[in-house]
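K.L.:
Pasting a structure here, questions to come.
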Amino acid sequence: MQAKVGVGWADFRASPDQEVRGFVGLNLLYATLVSHNMDEAAEIVSEHEIRKYDRSNILGDYRRWPALAQEALEREASAVDFSDINHVVLCGMGGSAASCDVVREWLDDVDVVVVKDYHLPKWAGGRDLVIAVTYSGNTEETLSCYSEALKRGMPLVTISSGGTIEVSSRKRGVPHNKVSSGLAPRAAFPLLFYTLVEVLRKMDIVCSRRFEEAKSSAKMLDFYSRRIFPEVPLKENISKQVASFIYQEIPKVYGSERIRCAVERFRRMISENGKWHAMSDVLPELCHNEIVSYIIGNPRLRIILMRTKSDPLEISKRFDIVKEIFLKSQHKVMELMPEGSSLLDFIISYFYFLDVATVYLAIKNRQEPAKTENIDYLKERLGRELNYVSKLSL
Ligand code: F6R
């Protein structure tokens with residue numbers, strides 16, 4: 001399998017001269033500007049800088065993603081014995097919710113709702129399955145939904161590495177799936193996602209064809225794990241290239257509605273790992289509003305187009321036209337096209353190499369990628385001043 005991410009880069013590596021000749025008119029802008037940042041980036045993510053800023057070694061956790069996926073896929077899940085499910089309601093926040101978002105987008109033939117809030121939908125009742133996912137086991141919004149599901153007598157399953165939800169689940173006989181602890185929740189993505197897959201398989205909500213798809217998507221992690229870490233030089237390393245493209249600029253991330261979870265994950269990881277601001281939107285919706293702003297050129301914008309080989313013609317045509325509009329208004333564009341053959345392959349690939357890109361971004365920003373000071377502060381103050389969890393019946 002050949003890495004073909006960053007269309008501009010792939011061509012550039014094959015033959016730099018040809019690249020310049022090949023990129024005429026609008027495309028020349030793109031090629032030139034992408035290559036412009038290269039040396040600078042190579043310097044900033046030196047071994048020394050990585051040791052200095054990645055103190056808790058989140059890069060090491062990302063290296064474990066292929067193994068974490070296997071760990072989850074090999075473990076037998078605890079689920080409920082209930083066959084006539086109407087809707088699947090997945091509850092979680094932040095890094096835990098990301099695994100729920102992927103399930104919702106992947107299982108487009110199942111009625112999946114993701115709740116990132118304190119309350120379950122009013123319509124949810126006894127024939128709707130609730131799966132509460134919280135890596136720490138202590139997130140109050142997720143605990144609140146869990147407690148509502150208990151009250152409504154809904155079929156309920158939990159996933160955590162420990163915490164209050166584990167204790168309560170054991171006390172109340174709720175099937176609980178314990179995943180390994182010690183990671184940042186966002187770096188625990190493969191554990192949470194593939195455990196969710198196992199739970200849904202056990203309940204026949206994920207059929208055997210879908211399960212095969214999930215297993216094969218885990219191979220994308222192996223593939224990218226050999227291509228995105230510091231030992232791979234910038235010119236062959238898509239994660240470094242992305243970090244270098246957006247460093248100190250304003251990233252705008254665009255992808256299709258079908259991979260909204262990956263688009264939003266990237267935007268959120270730019271903030272959470274990279275400690276930087278970013279904006280995102282999805283096609284086709286952005287063609288009906290956002291696109292109008294591309295009249296006045298903004299030299300700080302860095303547009304990243306997250307394309308996939310499965311984009312239908314009407315979407316890939318839209319990508320082509322909006323790219324033209326971006327370039328015509330003097331903006332800088334990077335196009336991405338991950339390896340793989342299914343929608344889930346593309347989503348998993350994007351999660352992996354873009355998460356790692358945001359770790360490089362943090363290091364370039366001289367920040368510790370794993371640190372989440374503002375989240376910790378907010379959780380601590382809420383706990384102290386409201387103690388919402390103490391009011392729940394757990
Ligand atoms: C921290 C992170 C956060 C948490 C969120 C919910 O790495 O990713 O977004 O995921 O605060 O906490 P958990 O996942 O423990 O329920």
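We did not get these values from a lab; they are worked out from the coordinates using the rules stated. All values derive from a computational prediction rather than experimental measurement. Glycine also receives a Cβ, built like all others from the backbone with ideal geometry; neighbour counts cover every protein chain displayed.
K.L.:
Quick one: if you stick a label point 7 Å off each Cα along the C-beta vector at V110 and K151, how many nm between them?
P.N.:
2.7
K.L.:
Compute the FRET efficiency between D204 and D117 as 1/(1 + (r/R0)^6), taking r as their Cβ-Cβ distance and R0 = 35 Å, and round to the nearest 0.05. Numbers along the way, then the final one.
P.N.:
Values: r = 28 Å, r/R0 = 0.81.
E(calc), rounded to 0.05, equals 0.80.
K.L.:
Then there's this: Helix 189-202 versus the longest principal axis of the chain: what is the Cα-based angle in degrees, 0 to 90, to the nearest 10?
P.N.:
50
K.L.:
Right, another one. Students often get this wrong: which residues of segment 333-365 have the backbone nitrogen under 18 Å from the point 7 angstrom along Cα-to-C-beta of K309?
P.N.:
The answer is 335-353, whose backbone nitrogens lie closer than 18 Å to the label point.
K.L.:
Among the lysines, which have Cα under 17 Å from the Cα of K379 when same-chain residues fewer than 8 positions away are ignored?
P.N.:
Those lysines meeting the cut-off are K116, K371, K391.
K.L.:
Report the net charge of residues surrounding R302, where surrounding means a beta-carbon distance below 13 angstrom and charges are Lys +1, Arg +1, Asp -1, Glu -1. Walk me through the numbers on the way to the answer.
P.N.:
Numbers: positive: K252, R267, R300, K332; negative: E249, E335.
Overall, the nearby charge balance is +2.
K.L.:
If you don't mind, another one. Residue separation times 0.36 nm, minus the C-alpha to C-alpha distance between E285 and S329: what's the value?
P.N.:
Numbers: separation 44, 0.36 × 44 = 15.84 nm, distance 1.99 nm.
My answer for the length gained is 13.8 nm.
K.L.:
Test of the criteria: in segment 120-226, which chymotrypsin sites (Phe, Trp or Tyr not before Pro) are in a DSSP loop and have at most 10 other Cβ atoms within 10 angstrom of their Cβ? List each step's numbers first, then the result.
P.N.:
On the way: sites: W123, Y135, Y146, F193, Y194, F211, F223, Y224; in loops: W123, Y135.
In loop regions of segment 120-226 (DSSP not H, G, I, E or B), the sparsely surrounded chymotrypsin sites (Phe, Trp or Tyr not before Pro) are W123.
K.L.:
To test your reading of the geometry: what angle, between 0 and 90 degrees and rounded to tens, separates the Cα axis of helix 343-364 from the longest principal axis of the chain?
P.N.:
For 343-364 against the chain, the angle is about 70 degrees.
K.L.:
Now for a separate question. How charged is the neighbourhood of R384? Take every other residue with its Cβ under 13 Å from the Cβ of R384, and add Lys/Arg as +1 and Asp/Glu as -1. Write out the running numbers ahead of the final one.
P.N.:
Values: positive: K379, R381; negative: E140, D376, E380, E385.
Net local charge, R384 excluded: -2.
K.L.:
Going Cα to Cα from K364, which lysines come in below 16 Å? Please leave out same-chain ones fewer than 8 positions away.
P.N.:
K364 reaches K52, K240, K275.
K.L.:
If you average the C-alpha positions of segment 111-130 and of segment 319-378 separately, how far apart do those two centres end up, in angstrom?
P.N.:
Computed from Cα coordinates, the inter-centre distance equals 30 Å.
K.L.:
Using Cα atoms only, what is the angle between the long axis of helix 94-106 and the major principal axis of the chain, expressed in degrees (0 to 90) to the nearest 10?
P.N.:
Approximately 80 degrees, to the nearest 10.
K.L.:
As a check on your grasp of the helix formula, calculate [θ] at 222 nm for the chain: sum -39500 (n - 2.57) over DSSP H runs of n ≥ 4, divide by the residue count, round to the nearest 500.
P.N.:
Values: 17 runs with 196 residues, N = 394.
My calculation for the chain gives -15500 deg cm²/dmol from helical runs alone.
K.L.:
For each of I58, I304, I325, count neighbouring Cβ atoms within 10 Å of the residue's Cβ, then give the residues from fewest to most. Write down the numbers at each step before the final one.
P.N.:
Values: I58 23, I304 26, I325 15.
Going from least to most buried by this count: I325, I58, I304.
K.L.:
Shifting gears a bit: Output the lone cysteines of the chain: those with no second cysteine's C-beta under 4.7 Å from their C-beta.
P.N.:
Cysteines of the chain left without a disulfide-compatible partner: C100, C207, C261, C287.
K.L.:
Excluding residues on the same chain fewer than 8 positions from K309, give the lysines whose Cα lies under 20 Å from its Cα.
P.N.:
Partners found: K4, K215, K219, K317, K323.
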